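Input: a single structure, listed below in structure tokens.
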Amino acid sequence: MKGFSGGMAQLMKQANQMQTKMKKVQDELAKAEYEGTSGGGAVTVKVNGEYKMTALTIKEDVIKSGDVEMVQDLVLTATNEAVKIARETSQKEMEKVTGGMNIPGLF
């Protein structure tokens, strides 16, 4: 039984270390910015690691076109791209910490 409790203590220590690393990575990812563009750079959207939009840039000639539906589509496309990049980056960074283990509730 002594070996079991020693092994359990080691396992708990490793779990705590992983949890600390995960928290650090999550904090870093939340502060990062991810950029998506559309229309050949006509619209640029930045989101943070919490998937909140932090910046939106629309080139003046796009606005002058007067095509509201096109502008809406460009904004949606750029936003979705930025969120996709943020999500994929987050998953890759967390997989580095977890060694590829799928931990429920992590993402």
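The values are calculated or read from the model by the stated rules, or taken from the named source; none is laboratory data. Everything numeric in this text was worked out from a predicted model, so none of it was measured. So basically every Cβ, Gly included, is an ideal-geometry build from the backbone, and we count neighbours across all protein chains shown.
In the stretch 17-26, is there at least one residue being outside any strand (DSSP E or B) and touching an Asp or Glu at 6+ places or on another chain (Cβ under 7 Å)? Checked the stretch 17-26: at least one residue is outside any strand (DSSP E or B) and touching an Asp or Glu at 6+ places or on another chain (Cβ under 7 Å).
The residue of the stretch 81-107 that is modelled with the lowest pLDDT, among those that are among the β-branched types (V, I, T) and surrounded by 14 or more Cβ atoms within 10 Å (Cβ to Cβ), is T98. For T57, the test of being of a type in the set (S, T, Y) and loosely packed, with under 15 Cβ neighbours inside 10 Å is passed. Scanning the stretch 16-48 for residues that are of a type in the set (S, T, Y) and over 11 Å from the mean Cα position of the chain (by Cα) turns up T20, T37, S38, T44.
Taken over the stretch 30-43, the criterion of being buried (at least 19 other Cβ atoms within 10 Å of the Cβ) and of a type outside the set (G, A, S) is satisfied by Y34, V43.
Yes/no matrix, rows are residues, columns are (1) modelled with pLDDT under 85; (2) touching a strand residue (DSSP E or B) at 6+ places or on another chain (Cβ under 9 Å); (3) of a type outside the set (A, V, I, L, M, F, W, C):
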| residue | (1), (2), (3) |
| --- | --- |
| K31 | no, yes, yes |
| V47 | no, yes, no |
| M53 | no, yes, no |
| D61 | no, no, yes |
| E69 | no, no, yes |
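Every residue, every condition in (1) farther than 28 Å from K23 by Cβ; (2) assigned to a helix (DSSP H, G or I); (3) in contact with a Lys or Arg (Cβ under 9 Å, 6 or more places away or on another chain); (4) without any contact (Cβ under 8 Å) to a residue 12 or more places away in the chain, yes or no:
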| residue | (1), (2), (3), (4) |
| --- | --- |
| I63 | yes, yes, no, yes |
| V71 | yes, yes, no, no |
| L74 | yes, yes, no, no |
| T79 | no, yes, no, no |
| V97 | no, yes, yes, no |
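Inside the stretch 40-60, residues that are among the charged types (D, E, K, R) and without any contact (Cβ under 8 Å) to a residue 12 or more places away in the chain make up a count of 2.
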